[in-house]
Each structure stands twice: as structure tokens, then as C-alpha cells.
Amino acid sequence: MTARIRPDLESIPAYTPGRSHPGAVKLASNETTHGPLPTVAKVIAEAAELANRYPDNQSSELRAAIAEFHGVGVANIAVGCGSVALCQELVQITCDAPTDEVMFAWRSFEAYPIVTQVGNARAVQVPLTEGLAHDFDAMAAAITEHTRLIFVCNPNNPTGTAVGRAEVVRFLDAVPEHILVVLDEAYYEYVRLADRPDGVEIRRNRPNVLVLRTFSKAYGLAGLRVGYAVGDPEVITALLKVHIPFSVNRLAQAAAMASLEAREELLDRTDRTVAERDRMRTALLAAGYRVVPSETNFLWLELGSRSGEFAEASAEAGVLLRPYGSDGVRVTAGDPHENDLLLAFATDPEITGRFLA
Ligand SMILES: *Cc1c(COP(=O)(O)O)cnc(C)c1O
């Protein structure tokens, strides 16, 4: 007889590895296409030589470096095994009853509903606006006495849309102070809005607001798994309590510190990615696709019920994309030659005839 497992987990899809397409270009996971800088690779190799030793469970040096970078105290910083781990820990520190509610827009980051359910809380999903951006009025109206945590993914994954600073502040002003609001800024470095909201600045004097950033995207360390939170010391202390011990490994801590030091060089790359993103959007719009403006390193193609089929066809053409049910397909901006491959596929008259008719 197999062991009893929580029955509610049956509604979470089991992880199914994607079909492998040897040699295909991968524009499916919002990664950077560059490997680590030589200086970062060297630090990773050095850290690997101490693999027999546990890492610093407090990530003291890394937290100090992040705190200095943002001009805040070490007590304001927590790190996690990717910011996705912090998302799960945030549910754990705010929700302790099945009636507790975690609110987020939909569609948004697919980890939010999963960490909510795993944390035994109730997900409240508020539809995006017609322009596929956060509907802050609807979110404020959906707050109840049970609301414990609100995720605001800005810019939003997978639609790429961003809301400006004034709108974010107006929303925060509308949320009661006992509710924790998380500004998930995984794509912060790609935002080129004139009023780019900087959560770290916005959250000053707002103890119920916490910001998530990650080393996985612009910093190019997705494979090492490290992200961080900037928040009120009491919230940070709670996060440290539920943290899985040693889950931010030695290589990740060392690489994140080296990447912070090399950030000028790494962030220069984001200008090129942004230029590619905009070039791709222009070409896709010209071919007849519906693509909302993006402030990230990816684009969202509104392909409705044909999304899965489109992603299969692109995979056969050698480009892996990420389909989302019957909503759309997410395309990461990669290297120019990779993006050219995608554009050659997507603008082929046979493909536009098949998918845009
Ligand atoms: C990629 C991403 C993250 C970062 O995930 P990591 O666990 O740090 O790799 C967080 N939030 C959103 C919305 C993302 O798209």
C-alpha cells in the first residue's frame, strides 16, 4: 500500500519534463543566453572546491553586499533558493488557516497559485485588464478580512506589461497596513518606463511592503538559484524562521556577490536585450500578431486556443517557446541570431496563414 498523500495535491499537475529537441534554440524560460562572466565563473569554481563544507546558513556576506547595494540594513534582507522559494516562504509566514487568502492577478507568475495551495491558503485571482496589465482597482475591491498576502508581479510574467510608479503607490495606499504586499520585480532591470517603479525606494516607510529581486534574469544565474527580499526587519526575521536550512548554496552565494560587483557589465547587456525585444515586437506586429508592449526580456503573443499548437510548430522549426493554456505564448528575447530564427518561423506566410487567420 502506498503512503497517504494530501489529496488536494492531486489538483496540482505533476511536473512533466518538456520534450527534448536536441539543438533547438531555447526562448522558453526568460534566461539570458550568455554564460557567467569569466570573473564570476572563476569565483564559482573556487567555491566548488569547498563543496564538502556547508554554506553560511545566514548568507551573511551576500546579505551585507545586497544591503549595501540598496542602501538598507542587513536586517532588511533575506535571500532564498531563487525568489520562488521566497514566494513560498511568504505564504508560510502570512497564512495559517484554509480561509486565509493570497491575492494576485491572473494571468501572472505560475508559481503563485502553486505556493498558495501548497501553503494551504486560498488563491484569489483577479483578471488582468484588457491591456493585460494589473487591474489595481479590481484588486483593491477584492480585499477581504481574510486577505493576508498580495503578489504584484511588476512587470508581469508572462504578459510583460508594467505599471508605473504612481499607480503602484496609489494601490499601496489603498491596501490596509496589516496586509503584506509583495512587489515581485524579477524583471526590474529591463524596465525602460520613464516612471520606472523601484520597489526598494517605494517601500521605505511602508513596513507592509516587501520587494523580491532575483539573480536569475538580468544577472544570468538562473542555474544557481538565488533571489532576495527587501522588507521590514520583522517580516525578514519571520522569513528566516521558515527558511529551509542551507538552501542557498555556497556556489550561489559566491556567484551572486561576484555578479553584484560586475553589475555594470551585466546590466549593459540588458540594453541589447531590450533593443532585441523591441525589434522582435515590431516585426511580429508587422506580421499581424497581437503583442502588448513589454518591459521585460520577453514578449507575449495572444494566440488563444492555438497557443499549444503554435509552440509545437515552432519547436519543430527549432525554437522552443512557452505556451500558456489557451491564452498565449511567451517568447524570450535571446541573441540576435536566435531571435532571427524565431522571426523567420513566425513571419513565414504559411505560419501566419495558419495561426492568424
Ligand atoms: C523568473 C521569475 C522569478 C525568479 O525566479 P527565481 O526563483 O529567482 O529563479 C520570480 N518571479 C517572477 C515573476 C519570475 O518571472
Show the residue pairs that are 6+ apart or on different chains and have beta-carbon atoms under 8 Å apart, the first residue being within segment 98-123 and under 24 Å from Ser326 (Cβ atoms), the second being polar (S, T, N, Q) and surrounded by fewer than 17 Cβ atoms within 10 Å (Cβ to Cβ). Met103/Gln125; Phe104/Gln125; Ala105/Gln125; Trp106/Gln125; Pro113/Gln125; Gln117/Ser11
Out of the residues in segment 82-97 that are among the hydrophobic types (A, V, I, L, M, F, W, C) and free of Cβ contacts under 8 Å to residues at least 60 places away in the same chain, which is nearest to Ser29 (Cα to Cα)? Val91
Tell me, yes or no, whether segment 160-173 has at least one residue that is in a loop (DSSP other than H, G, I, E, B) and among the hydrophobic types (A, V, I, L, M, F, W, C). yes
Tell me, please, whether a residue that is aliphatic (A, V, I, L, M), assigned to a loop (DSSP other than H, G, I, E, B) and either in contact (Cβ under 8 Å) with a residue 40 or more places away in the chain or within 14 Å of the ligand (Cβ to nearest atom) (or both) can be found in segment 65-81. yes
Matching residues in segment 340-354 (surrounded by 15 or more Cβ atoms within 10 Å (Cβ to Cβ) and of a type in the set (D, E, K, R)) number 1
Of (1) under 22 Å from Val40 (Cα atoms); (2) touching a strand residue (DSSP E or B) at 6+ places or on another chain (Cβ under 8 Å); (3) away from the ligand (no atom under 16 Å from the Cβ), Leu285 satisfies all except one. Which? (1)
Kindly check whether there is at least one residue in segment 223-246 that is out of contact with any helix residue (DSSP H, G or I) (no Cβ under 7 Å at 6 or more places or on another chain) and among the polar types (S, T, N, Q). yes
May I ask you to verify whether Pro207 is more than 19 Å from Leu86 (Cα to Cα), in contact with a helix residue (DSSP H, G or I) (Cβ under 8 Å, 6 or more places away or on another chain), at pLDDT 95 or above and not basic (Lys, Arg)? no
Out of the residues in segment 214-242 that are part of a loop (DSSP other than H, G, I, E, B) and closer than 17 Å to Ala64 by Cβ, which is farthest from the ligand (Cβ to nearest atom)? Gly231
Select from segment 253-306 the residues that are of a type in the set (S, T, N, Q) and within 19 Å of the chain's Cα centre (by Cα) and write down the one among them that is surrounded by the fewest Cβ atoms within 10 Å (Cβ to Cβ). Thr270
Looking at the structure I just gave you, is Gly71 out of contact with any Ser or Thr (no Cβ under 6 Å at 6 or more places or on another chain) and on the phi > 0 side of the Ramachandran plot? yes
Note on segment 37-64: residues assigned to a loop (DSSP other than H, G, I, E, B) and more than 16 Å from the ligand (Cβ to nearest atom) are Leu37, Glu49, Leu50, Ala51, Asn52, Arg53, Tyr54, Pro55, Asp56, Asn57, Gln58
Just to check your reading of the model, which residue among Pro127, Pro98 is over 17 Å from the mean Cα position of the chain (by Cα) and closer than 22 Å to Trp300 by Cα? Pro127
Among the listed residues Val200, Val211, Val248, which satisfies the condition of being of a type in the set (Val, Ile, Thr), within 14 Å of the ligand (Cβ to nearest atom), closer than 21 Å to Pro155 by Cβ and touching a residue at least 12 places away in the same chain (Cβ under 8 Å)? Val211
Under 9 Å between Cβ atoms, which residue pairs at least 6 apart in sequence (or on different chains) link something in segment 144-158 that is under 10 Å from Glu295 (Cα atoms) and within 14 Å of the ligand (Cβ to nearest atom) with a partner that is assigned to a strand (DSSP E or B) and among the small types (Gly, Ala, Ser)? Asn156/Ala105
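The values are calculated or read from the model by the stated rules, or taken from the named source; none is laboratory data. Because the structure is predicted, anything quoted here is derived from the model rather than measured. Using ideal geometry, Cβ is built from the backbone for each residue, glycine included, and neighbour counts are taken over all protein chains shown.
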